[in-house]
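> Got a structure for you, written out below as structure tokens; questions coming shortly.
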Amino acid sequence: MIKNSFKCNFCKVCNGKGCISQLPGMGGVRENENFILNCSAWETVRNKNLDKVRKFLDLEPEFRIPSISIAPMTGATENIGFAHESDFYDAIIQAMHKVGVGLCIGDGYPDEKLKFGIQALQKIKVESPEAQTSVFIKPYSNEKIVERFEWAKDCVKIAGIDIDSYNILTMRNLVKLEKKSASQLIEIKNHVKIPFAIKGIFTKEDIQLVREVMPDIAYISNHGGRIDTRRGSTAEFLAKYGEEIKNYCGELWIDGGIRSPRDVATAMALGANCVLVGRPFASALCHGGPEELCGKVLELSLLKYGSTDS
């Protein structure tokens, strides 16, 4: 039997400095530049917006787990180190569901990655049809995107397009992905009968896209530093443009470097409705199984945020 050979280095602090350029793997592009910036920027942004954060905490002193979701992750064998691709999806979705966070899947190459994720969500739907579930599809042709939404339609409540992943290094030369126009995204939005999300908002050009499409959810992300895009962090982008973006969508989601309850509070104080976490959840699952993974969720969602000091 093939054994798991996990690629995470299980650093004491997941800040992008222990897996430099490990891609495929847990790292990112340009020596983890944006991965590192994502993690470090929350403290800077928090210090610049202490009044907003403190006001938020005065109004919302308790944290609600449903405001956290697992970020869409695939590539369990090549990126995380599972022996079998299917093992990851069942394990992480089941554990996340037990603790009450949002459930999210993505797709990749080959198609079995998306199908394993769908199978994991279908099991949840049987026992908990009310569970918050979403799927994010990479920017294939619209015909192919519609096909994938059809596969998932019976087990998800939110359908999204991962617009920035046409630039992801690990997908190059494997499948044909394209940079989506507003008209193409509107076509997809009009097709789906559930809330529509655009993931990968990280440039001024993306903001214009959100303005034209008016999605139900705009999701700020730079793919955890794994795509070829401008230098910067999701935290600083939220602080600078979050208020504007909220004029053009129903909800604002964000991922990237969120590591503590203070980071969660900062994101929500600046307008985020949901924060999504990837690597720390995958790492906890690999290191200590479902029990450690559930503990990581609770660590991020302490009932009291405590001090805003970093």
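> Taking the criterion of being more than 22 Å from Phe196 (Cβ to Cβ) and surrounded by 23 or more Cβ atoms within 10 Å (Cβ to Cβ), would at least one residue in the range 240-255 satisfy it?
No, that holds for no residue.
> Something else: Since Glu150 meets every condition but one in (1) surrounded by fewer than 22 Cβ atoms within 10 Å (Cβ to Cβ); (2) not in a helix (DSSP H, G or I), which condition does it not meet?
Here Glu150 clears every test but (2).
> Can I ask one more? Answer with yes or no whether Ala197 is in contact (Cβ under 8 Å) with a residue 12 or more places away in the chain, over 27 Å from Ile245 (Cα atoms) and either out of contact with any helix residue (DSSP H, G or I) (no Cβ under 7 Å at 6 or more places or on another chain) or open to solvent by less than 10 Å² (accessible area, probe 1.4 Å) (or both).
No: the conditions fail for Ala197.
> Which of (1) hydroxyl-bearing (Ser, Thr, Tyr); (2) touching a residue at least 12 places away in the same chain (Cβ under 8 Å); (3) in a loop (DSSP other than H, G, I, E, B) does Ser21 not meet, given it meets every other one?
Among (1) hydroxyl-bearing (Ser, Thr, Tyr); (2) touching a residue at least 12 places away in the same chain (Cβ under 8 Å); (3) in a loop (DSSP other than H, G, I, E, B), the lone unmet condition for Ser21 is (2).
> Return yes when Ile158 is among the aliphatic types (A, V, I, L, M), closer than 19 Å to Arg226 by Cβ and surrounded by 15 or more Cβ atoms within 10 Å (Cβ to Cβ) and no when it is not.
In short, no.
> Based on this model, can you work out whether Arg54 counts as closer than 14 Å to Ala272 by Cα, charged (D, E, K, R) and out of contact with any Pro (no Cβ under 7 Å at 6 or more places or on another chain)?
Answer is no for this residue.
> Do we find a residue being buried (at least 23 other Cβ atoms within 10 Å of the Cβ), over 19 Å from Lys153 (Cα atoms) and small (Gly, Ala, Ser) anywhere in the range 82-100?
Scanning the range 82-100 turns up no residue that is buried (at least 23 other Cβ atoms within 10 Å of the Cβ), over 19 Å from Lys153 (Cα atoms) and small (Gly, Ala, Ser).
The values are calculated or read from the model by the stated rules, or taken from the named source; none is laboratory data. Computed from a predicted model, the values in this text were never measured in an experiment. Positions of Cβ are generated from backbone atoms using ideal geometry, with glycine treated the same way; all protein chains shown enter the neighbour counts. Ligands, DNA and RNA are excluded from the accessible area calculation, which covers all protein heavy atoms including side chains. Shrake-Rupley method; radii C 1.70, N 1.55, O 1.52, S 1.80 Å.
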